[in-house]
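Below is one structure, written out as structure tokens, with a few remarks after it.
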Amino acid sequence: MKLRNLFRKPQAPAVSDSSYLPSIPIPDACVFGNEPNLSDAEIACFKTHGILVKTDILSEDDCRRAVDRCWELLPPHFNRDEPDTWQGMVKDCCVTKSLHSRNGRVKFRECLRSESWVYDIVAQNPLIGKTVAVLLGTVAPPNHIRGLYPVFPVGIPSERPPGPHTDMQIFQVGTVGYLEEVAPHGGGFTVWPGSHLRLHEQFAFNGCTHPPVPELMAEVERLRSEIQPWEIPGRRGTVIFWHHRLMHTYGFNRTKRVRQAILGDFAQTTPWAPPDFSPSSDPWDGWSERIRSS
Ligand SMILES: O=C(O)CCC(=O)C(=O)O
Ligand SMILES: [Fe+2]
């Protein structure tokens, strides 16, 4: 199972950055407590906006241990208490590149696959499991989780808007768990609410080719100039559950703290293959009875 993203490519229509909307904080009404028997409001939030945010899901011990592990994986010259040292070349799962040229974002993925305690933080968390089960009906244990994805501040100008992408169809519900507090403008997961429903048709027509077909790229660009993105701050232990077709990105970090997060993916089966559906079909075909009947 290979994780690939549909990042914006140069063939996307050129639109000036000034035509894009800056992100706003997610409305409070979309943030809920850790009760796994989801309320009607939570179901409505997931269906309408493509996300559900729940606080107090991860334990403090798990969060602390994962953050410690992340610092061990970072270059030795990175001192946790000295933001001035957070610069220079960083090697992660994908590339060796300067922190600045990677916009502050680092992905530790394959290097953690043999550490079952990292997998367990997401895949064995009962509140995550129950929540995903309410959305999907049945959930398969994931083969692995994505990993630890810190986002560092690197001085990105405040006027630069976030740029969205969509992920490949190897999962149905993604999770982003905050291992430390994520302040506003602190690199929080950022979503284009409602874009999952608009992209359903595109994916149904074109599948999930990599690179994406120009029509899908063009639709992402169109939605980007129409939909105001929501940035999601949150305290330690918060988990964001998001729909696989949702346009999203990491937020640019403009604080003095690292955005510390653990990411995972869930599906009804592994491997998961999207059902054959037509562009006019119900985007919730195959989801749980609770989702379909709400
Ligand atoms: O780190 C994040 O907040 C988002 C990561 C992401 O979108 C991805 O890796 O596909
Ligand atoms: Fe992504």
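Observations
- Accessible area ranking (1.4 Å probe, heavy atoms, ligands and nucleic acids excluded), largest first, for K97, K130, K107, K256: K256, K130, K97, K107.
- Heavy-atom accessible area for S225, with the other protein chains in place and a 1.4 Å probe, reaches approximately 50 Å².
- Per residue, the stretch 28-101 exposes 54 Å² of solvent-accessible protein surface, assessed with a 1.4 angstrom probe and all protein chains in place.
- Estimated 222 nm signal from helices in the chain, with DSSP H stretches of n ≥ 4 weighted -39500 (n - 2.57), rounded to 500: -7500 deg cm²/dmol
- Of the DSSP H helices in the chain, those whose Cα atoms cover at least 27 Å axially and whose Kyte score averages 0.0 or more: none
- Positive-end residue of W284, P271, Q260, charge dipole of the stretch 251-294 with Cβ unit charges: Q260
- Rolled with a 1.4 Å probe across the full set of protein chains, the surface gives D61 an accessible area near 120 Å².
- For the chain, modelled as a GNM whose springs connect Cα atoms under 10 angstrom apart, the maximal fluctuation among M217, M89, M247 occurs at M89.
- Each peptide in 115-127, 20-32 was scored by the mean count of other Cβ atoms within 10 Å over its residues; highest first, the order is 115-127, 20-32.
- Over 30 Å (Cα to Cα) - which of K91/K130; K107/K130; K47/K97 fall in this group: K91/K130; K47/K97
- Surface analysis of the stretch 228-276 yields an accessible area of 33 Å² per residue, using protein heavy atoms and a 1.4 Å probe.
- Whole-percent carbon and sulfur share, accessible surface of the chain, 1.4 Å: 52
- Per residue, the stretch 102-156 exposes 35 Å² of solvent-accessible protein surface, assessed with a 1.4 angstrom probe and all protein chains in place.
The values are calculated or read from the model by the stated rules, or taken from the named source; none is laboratory data. Everything numeric in this text was worked out from a predicted model, so none of it was measured. Positions of Cβ are backbone-derived with ideal geometry, glycine not excepted, and every protein chain shown enters the neighbour counts. With ligands, DNA and RNA removed, areas are computed over all heavy atoms of the protein, side chains included. Shrake-Rupley method; radii C 1.70, N 1.55, O 1.52, S 1.80 Å.
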